[in-house]
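Okay, structure first, notes after.
Where a number appears in this text, it was derived from the coordinates with a stated rule and is not lab data. Predicted model, so just to flag it, every value in this text is computed and none were measured. Backbone-built Cβ (ideal geometry, glycine too); neighbour counts: all protein chains shown.
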Amino acid sequence: MISLIGYAGGTILGIQLIPQIHKVIKNKKADDISKTFILLNFTGLSLMSIYGILDSNPTIYIPTIVSCVNTAVLFAAVCWVQKYKVSPNEELI
């Protein structure tokens, strides 16, 4: 039962950034998103992933790795939009 709660919470944490990624890509606007927040989030998730792997605890490392990937995608999208000032009518990729 405890593992089920862990996996349920991990699933939510694993998908939490998908709406934000979608919004950045769709609107091609990321002015209000802090790169510092994203980098701190990625660093914390990376450390938790390493901890989960070293502790052989998939309840920790699976969702944190998924969250790391989502955070990296969000960071790339934010950098792309901010660097190239992509307008809403242009294709992002």
Between helix 58-84 and the chain: long-axis angle, C-alpha atoms, 0 to 90°, nearest 10 | 10
Given the rule -39500 (n - 2.57) for each run of at least 4 DSSP H residues, summed and divided by the residues of the chain, what is its mean residue ellipticity at 222 nm, to the nearest 500 deg cm²/dmol?
-> -26000 deg cm²/dmol
In debye to the nearest 20, the charge dipole size for the stretch 1-91, taken about the Cα centre with +1 at each Lys and Arg Cβ and -1 at each Asp and Glu Cβ, equals 280
Taking the structure as given and computing Cα Rg over 2.2 N^0.38 Å, which label from (1) 1.11; (2) 1.18; (3) 1.23 fits?
-> (3)
Using θ = phi - 60° and Karplus 6.51 cos²θ - 1.76 cosθ + 1.60, couplings along the stretch 48-54 (whole Hz; Gly, Pro as x) | 5, 5, 4, 4, x, 5, 5
For the stretch 38-47, just list the computed ³J(HN,Hα) in residue order, Karplus coefficients 6.51, -1.76 and 1.60, θ = phi - 60°, integers in Hz, with x standing in for Gly and Pro.
-> 4, 5, 5, 4, 4, 4, x, 5, 4, 5
If one compares the long axis through the Cα atoms of helix 18-27 with the longest principal axis of the Cα atoms of the chain, the angle in degrees, nearest 10, works out at 10
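Compactness ratio of the stretch 1-42: Cα Rg over 2.2 N^0.38 Å, N = residue count? Intermediate values should be presented prior to the final figure.
Details: Rg = 13.8 Å, N = 42, 2.2 N^0.38 = 9.1 Å.
Normalised by 2.2 N^0.38 Å, the Cα Rg of the stretch 1-42 equals 1.51.
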Dipole check, the chain, charges on Cβ (K,R +1; D,E -1), about Cα centroid: among V73, I2, I53 the Cα furthest to the positive pole belongs to V73
Among all lysine pairs in the chain that are eight or more places apart or on different chains, how many have alpha carbons less than 15 angstrom apart?
-> 6
